[in-house]
1. Keeping to segment 179-195, report how many residues are buried (at least 23 other Cβ atoms within 10 Å of the Cβ) and of a type in the set (Phe, Trp, Tyr).
2. When you scan segment 329-345, do you find a residue that is of a type in the set (Val, Ile, Thr) and open to solvent by 10 Å² or more (accessible area, probe 1.4 Å), even just one?
3. Identify all residues within segment 349-362 that are in contact with a Phe, Trp or Tyr (Cβ under 9 Å, 6 or more places away or on another chain), over 20 Å from Cys274 (Cβ atoms) and either of a type in the set (Val, Ile, Thr) or not in a loop (DSSP other than H, G, I, E, B) (or both); write none if there are none.
4. Of the residues that sit in segment 199-229 and are small (Gly, Ala, Ser) and closer than 19 Å to Thr477 by Cα, which one is surrounded by the fewest Cβ atoms within 10 Å (Cβ to Cβ)?
5. What single numbered condition from (1) touching a Pro at 6+ places or on another chain (Cβ under 8 Å); (2) crowded, with 21+ Cβ neighbours inside 10 Å fails to hold for Gln410?
6. Going by the structure shown, is Lys191 under 23 Å from Leu460 (Cβ atoms) and assigned to a helix (DSSP H, G or I)?
Amino acid sequence: WALFRLMNWACSWAFLWSLFQIWPAIAARSTGVALSKTLSPVPVITCFSTLTYLLAFFGVSLVYDTVDPKSVDKAAPEGSRSSVFGTVAILAYFAMAVSVVAAIDSSLLGLAATTGAAVVAGVYFIMPSSGTPNDGSDIGAGMTSFMQTQGSIDVDQHMAGYDELFTGARKKTGAISTEESISKRESEYQKMVNSFYNLVTTFYEYGWGQSFHFAPRFVGETFVESIKRAEYHLASRMQLTQNSKVLDVGCGVGGPMRNIAEFTGCKIDGLTICQFQVDRGNMYNQRRGLGDRCKLYQADFMSIPLTPRGTYDAAYCIESTCHAPNKEGVFKQVNAQLKMGGFITGYEWVVLNNYDPTNERHVSLKEGIEEGNGLPTLATPQDVVDALEAAGFEVVDHYNSNRDAHDPRQVPWYDTLDGKFTLSGFRMTSIGRACTHFMVSCLETLRLAPKGSTRVSEMLNATATDLVESGRMEIFTPSYFFLARKVRDVELDN
């Protein structure tokens, strides 16, 4: 935000300078001499672009309801209304400015309009979302926050180490599906998962929201509403009350934790292997007034050190155990933390029955999802059920939450990644993602973004395409629901 304040100050002075340069020429236009003959294009372009920037910044600020960074975790009550107003304001300001330039001298119109359009696009793409909860279409907007919050992380080094675990990915189909490649990722899962979330957390947070997961969605339901409904469904199936003590296994920055705690009044401890996420999540807990009920801890869910056996009433895993090198192992760890009869529930990333391991395109998509999300390999629904039963649980229910994704009454789970040509969805279209990627490349070249940022952007964009295609083909789901009850104690593997 200091950067934006500095830019606002600089643009304000540049606008005043250019206005003083232009005004005498405008006043002398009555002599009949064309403005383009008496005035350099530089002050005209400066005047137009700085004014457009200032007005666009004001308009985008209205779109996101606030320019106060302290309210990053709060939703403004009139978000949709001010979003429409802000969008209309930007378009109106831009049209007005173009009209003024055309009236002054039409020969300057093309140059000035192009400059102004570039400024508007730049503001729209890099403005950090800081008001209403993100709708999933802002994945590129995370670049600004990435620049601000991850300067202490060696992005290039993390990316290099991450790429080593996926040698050959997207270059040769089947390269990362060999036993040797999978075994390498399983044995180095800590490095893989920690590196992955150090790299992508801020992209996810500012582009998707604080709940790092997908959700089934009905027509007429907003993205945020669908996310919360998926979380509340887990809380209901676990039969949580205000007296429940719950474990969030793979909690990210704690979005679901905070929503479920507010929904039920329960207390929740969250585990993540990434210290960066712990720091951010606990900060958000405090801001939301939940510091006494929600806490994040840095820990490996393959070796949970937190408490004595049988401490928790329930546990949930939202799209997190897909990172585990051994599902039976992580479920055994959760078993040890639960009281007898306690529930474990969650959503799992799996390949579905339509997936054909002999189909080269299917394999390519599966590998793209694995490489772009830090996964050893994707499991099947039966793998999840078998692992739960082997870990001392009785499976009560399991099904694909996205089984009706292509019903006319539902919005497909991947729809948010499949951007539309609208103001809110343009970033996630192929053209929008290309624009975002280009801007990230420019920022890295100018050393305004950490080295390696372009590679992260490239990976996330490619994975978004893979997720959309696999969803359309119904060979994959990120939301395979399961609910199981602890029925016996088990010996831990370590």
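The values are calculated or read from the model by the stated rules, or taken from the named source; none is laboratory data. Because the structure is a prediction, the values reported are computed rather than measured. Backbone-built Cβ (ideal geometry, glycine too); neighbour counts: all protein chains shown. Each accessible area value is taken on the protein alone, full model and side chains, heavy atoms only, with ligands, DNA and RNA left out. Shrake-Rupley method; radii C 1.70, N 1.55, O 1.52, S 1.80 Å.
1. 0
2. no
3. The answer is Val350, Val351, His362.
4. Once the filter is applied, the top-ranked residue is Ser226.
5. Status for Gln410: all satisfied but (2).
6. For Lys191, the condition - under 23 Å from Leu460 (Cβ atoms) and assigned to a helix (DSSP H, G or I) - is met.
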